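Notes follow once the structure below has been shown.
The values are calculated or read from the model by the stated rules, or taken from the named source; none is laboratory data. Keep in mind the model is a prediction, meaning the values are calculated, not measured. Cβ coordinates were reconstructed from backbone atoms using ideal geometry, including for glycine residues, and neighbour counts include every protein chain displayed. We work out accessible area using only protein heavy atoms, side chains counted, and drop any ligands, DNA or RNA first. Shrake-Rupley method; radii C 1.70, N 1.55, O 1.52, S 1.80 Å.
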Amino acid sequence: MEKSCTLLIHFDKGTPAIANEIKEALEGNDVPGKIDAMKKAVMLLLNGETLPQLFITIVRYVLPSEDHTVQKLLLLYLEIIEKTDLKGRILPEMILICQNLRNNLQHPNEYIRGVTLRFLCRLNEAEIIEPLIPSVLQNLEHRHPFIRRNAILAVMSIYKLPQGEQLLVDAPEMIEKMVVLELIRKVCRTNRGEKGKYIKIIISLLNAPSTAVIYECAGTLVSLSSAPTAIRAAANTYCQLLLSQSDNNVKLIVLDRLNELKSSHSDIMVDLIMDVLRALSSPNLDIQRKTLDIVLELVTPRNINEVVLLLKKEVMKTQSGELEKNGEYRQMLIQAIHSCAIKFPEVASTVVHLMMDFLGDSNVASAIDVIVFVREIIETNPKLRVSIITRLLDTFYQIRAARVCSCALWIIGEYCLSPSEVESGIATIKQCLGELPFYSVSEEAEATDASTKTPQSNSITVSSRRPAILADGTYATQSAASETAFSPPTIVQGSLTSGNLRSLLLTGDFFLAAVVACTLTKLVLRLEEVQPSKVEVNKATTQALLIFVSLLQLGQSPVLPHPIDNDSYDRIVLCIRLFCNTGDEIRKIWLQSCRQSFVKMLSEKQLQETEELKAKAQVSHAQPDDLIDFYHLKSRKGMSQLELEDEVQDDLKRATGEFVKDADDANKLNRILQLTGFSDPVYAEAYVTVHHYDIVLDITVINRTRETLQNLCLELATMGDLKLVERPQNYTLAPESSKQIKVNIKVSSTETGVIFGNIVYETSNVLERTVVVLNDIHIDIMDYISPAVCTETAFRTMWAEFEWENKVAVNTVIKNEKEFLDHIIKSTNMKCLTAPSALDGECGFLAANLYAKSVFGEDALVNVSIEKQADGKLSGYIRIRSKTQGIALSLGDKITLKQKGGS
């Protein structure tokens, strides 16, 4: 029986290749050698050779290759080899290629997906095709038309196979619906006035059994109409897909679509908030994070109670579950509840006590979030103060982390106001410190003799040994900023329920010791005001002084591996001096100023959030000379309710200027780059558009000669993480005519890239080809990064983790510190995380943290530390940290270029 031939290549029989040579080349690491060997293997197979020994070599050494040419040749090889035995049964080794084909169909690169789909058009073996059908169908809804086109061809080819109708039962209907949707999109783009008639068709297609079709329908509805009925139908469809699809990637894509709807149609999305929250059932952290981000912006007084109730249930689930990511998920939920409680104070009372159960959480970050939440709620909700203080004093002994203890002690010192609360506060601290002194004389003697003995405390140091960055941008020693957690101690002096403060102090955390001293000082000063009995006050004062002296004694003893730091020592000594000489001014500072500073910080934070919301809410306005369309004067004859809704929304958009982007024309002019000179025979200029992962060059080429230019070709090459998607074709340009050429370039990371090349053409008079060299196009890192916000804790954590640091010395003509900071923020397109109040005033130095995020999800951290010299010039350093080398180097280059104060 004659076999069908899908590939024919000329082959010179005078130079036969030896199978062993091909095998050796395929096993090597040289990519050009592999390409040459694969070409020889394909040619031999086409000319009757069988080469059975090559199959396993190709599976081992060619399948894993990332090179696109090698992958294309591999598919040609798979196309022409025998896949069945003499009886027509599939060879068992063919199972090896199925997984590779499935991976190719889900590959992030569009070219690999496309050529694999094209290869499937030429396969006749149903046993190989059957497991690949779900992946083929997924490609029908890909964003790139090249893949969708090849996916449709693959579906058609599979359906034409003898068993095709069983493999793809609803293929004709599905493709027909996809074609209808594409046709509707094209018609509505050219004639927007007719779109109302087609929207009803799209809504009817939402009941299709194919998820690919209903996803496309929802996207088409959103792009064509703003009518509430259409948007509600699309949003409901997305919510159904979110719950019905098991693939996490699909869920993330659907959440992105819902996020876009939230930005433009939040009033409709508010009604679907509980449906969106059901996505929290997924164990994937990215899905959970994205879901919470969407929901938090849709919370209203009407749905807040339902949302908080569901979040509380989710928090309870994290206690019982055994999932390894439970700690991170709980932290996200706590932050979400915190955000809800600040926006809607009336729900704080229902959640604050549940949150306080997690003060002793083994996940330190989660416990810190809880205590920060409690600190804010106790100030903003005065009615809850008594119950929070009572609960905090009861559960204080459970706290395991030093930073959580520090914050809890500050709350106790500031918000214990009645005599009973103050006395309970002092008693709780004493109980958690245990019996004094902190070590016995015999222990000190042993430590002096052995110099190796450490206190018996079951502790774990959580943070790294690297220096930690403080809120003002300065570096702190490990002793002052270390994060120590401990498991319940088994051998401590005192009872088993006490001793959390003791155990943390015995690890050498003297910053916590200073916080204990300050808290006791505040409590004793307040006791003087509320307790009439002088005896009780004097008793409390002497006990506090004994604790202070014991802390200093511990800090200077050889029992611990390192002595007390100077800062903590000075603070404890200050507390001792304060009890010996208390004036009204000092009392006011200790008992009132701290709280006032905290209230000011909260009000600034609220003001900043309000300003951000106002900035987001700003909408563009129509020009005064724009056409006014009076809706009530329009004819309604023959229009359905949906068409009327669509017309109203379009008129509203036109009236508010949403159809017109204000600064587009100015931006276009800024992005036009001249590629050749005015005196060159060919003039070229490019308009550069940067999308998230693509750069589109719209190049205009003008023939300035009086001759016809033949085989004119634009040859481009890239440097950096940029890749050309396709090579532009050859053109013929008539005299003094022009041509628009579009070039797509893929971007794979955030770093500065360069595109360079030339224009090559031929004329009838000159035999040789003429080359015109183009100016380089520099792709700016600023196109990929945008200002972002993160918490102070998250910033410090990332700063400690990120390994790439670029340190740039300050070299500028700007004399003012604040002015220089503003210049750096503007030049780098970053967000300043340091509060404006911290940057006010003139003190000769400034430290600030900046943060931005790239479109690829990379974090960029910058710390600016500068001071004014005696001669008025600024000096210091700008430190950049990131996870990847590219962003750190590119940002450093940008700052070096811009920091002098030029444009």
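Worth a mention:
- Of the criteria (1) open to solvent by less than 40 Å² (accessible area, probe 1.4 Å); (2) of a type in the set (A, V, I, L, M, F, W, C); (3) part of a helix (DSSP H, G or I), which one L359 fails: (3)
- Qualifying residue in region 286-295 (condition: of a type outside the set (S, T, N, Q), over 30 Å from H107 (Cβ atoms), open to solvent by less than 20 Å² (accessible area, probe 1.4 Å) and in contact (Cβ under 8 Å) with a residue 12 or more places away in the chain): yes
- Flag if V492 is open to solvent by less than 40 Å² (accessible area, probe 1.4 Å), modelled with pLDDT under 85, part of a loop (DSSP other than H, G, I, E, B) and closer than 25 Å to L393 by Cα: yes
- A search for C-beta distances below 7 Å between a residue of region 420-435 that is open to solvent by 50 Å² or more (accessible area, probe 1.4 Å) and any residue that is at pLDDT below 90, counting only pairs 6+ apart in sequence or on different chains, returns Q431/S498; E435/Q493; E435/G494.
- No other residue among S827, S890 is crowded, with 19+ Cβ neighbours inside 10 Å, in a helix (DSSP H, G or I) and of a type in the set (S, T, Y) apart from S890.
- Inter-residue pairs, beta-carbon under 8 Å, first under 14 Å from Y761 (Cβ atoms) and among the aromatic types (F, W, Y) and in region 674-686, second outside any loop (DSSP other than H, G, I, E, B) and open to solvent by less than 10 Å² (accessible area, probe 1.4 Å), 6+ apart: Y683/V701
- Applying the set (1) under 28 Å from L505 (Cβ atoms); (2) aliphatic (A, V, I, L, M); (3) surrounded by fewer than 16 Cβ atoms within 10 Å (Cβ to Cβ) to V386 leaves exactly one unmet item: (1).
- Unmet criterion (only one of (1) without any contact (Cβ under 8 Å) to a residue 40 or more places away in the chain; (2) crowded, with 16+ Cβ neighbours inside 10 Å; (3) of a type outside the set (A, V, I, L, M); (4) assigned to a loop (DSSP other than H, G, I, E, B)) for G508: (1)
- Scanning region 511-557 for residues that are buried (at least 17 other Cβ atoms within 10 Å of the Cβ) and outside any helix (DSSP H, G or I) gives a single hit, S557.
- Screening I781 against (1) within 16 Å of L716 (Cα to Cα); (2) aliphatic (A, V, I, L, M); (3) open to solvent by less than 10 Å² (accessible area, probe 1.4 Å); (4) touching a Ser or Thr at 6+ places or on another chain (Cβ under 8 Å) leaves a single unmet condition, (1).
- The residues listed here are V789, V813; of these, the one that is closer than 30 Å to A365 by Cα and assigned to a loop (DSSP other than H, G, I, E, B) is V789.
- Checked across region 253-262, the condition of being assigned by the TED database to the domain that holds S223 and either in a loop (DSSP other than H, G, I, E, B) or in contact (Cβ under 8 Å) with a residue 40 or more places away in the chain (or both) holds for no residue.
- Counting only helices (runs of 4 or more DSSP H) that fall entirely inside region 29-147 and contain at least 1 residues that are in contact with a strand residue (DSSP E or B) (Cβ under 9 Å, 6 or more places away or on another chain) and either aliphatic (A, V, I, L, M) or touching a residue at least 60 places away in the same chain (Cβ under 8 Å) (or both), the qualifying elements are 110-120, 126-129.
- Scanning region 334-346 for residues being surrounded by fewer than 22 Cβ atoms within 10 Å (Cβ to Cβ) and not basic (K, R) gives a total of 8.
- L354 assigned to a loop (DSSP other than H, G, I, E, B) and at pLDDT below 90: no
- Matching residues in region 855-871 - criterion: being within 17 Å of N816 (Cα to Cα) and of a type in the set (D, E): E867, D871
- Residue match in region 790-806 (condition: of a type in the set (S, T, N, Q), buried (at least 17 other Cβ atoms within 10 Å of the Cβ) and not assigned by the TED database to the domain that holds V701): yes
- From the list A848, A852, A860, A835, the one residue that fits, being in contact with a Gly (Cβ under 9 Å, 6 or more places away or on another chain) and surrounded by 15 or more Cβ atoms within 10 Å (Cβ to Cβ), is A848.
Yes/no matrix, rows are residues, columns are (1) closer than 16 Å to T812 by Cβ; (2) in a helix (DSSP H, G or I); (3) of a type outside the set (A, V, I, L, M); (4) touching a helix residue (DSSP H, G or I) at 6+ places or on another chain (Cβ under 6 Å):
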site: H823; (1), (2), (3), (4): yes, yes, yes, no
site: T834; (1), (2), (3), (4): no, no, yes, no
site: A838; (1), (2), (3), (4): no, yes, no, no
site: Y851; (1), (2), (3), (4): no, no, yes, no
site: A860; (1), (2), (3), (4): no, no, no, yes
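- The single condition among (1) at pLDDT 80 or above; (2) part of a helix (DSSP H, G or I) that N207 does not satisfy is (2).
- Scanning region 404-438 for residues that are under 20 Å from W590 (Cβ atoms) and not in a helix (DSSP H, G or I) gives C416, L417, S418.
- Check on L272, without any contact (Cβ under 8 Å) to a residue 60 or more places away in the chain, open to solvent by 10 Å² or more (accessible area, probe 1.4 Å) and in contact with a Cys (Cβ under 8 Å, 6 or more places away or on another chain): yes
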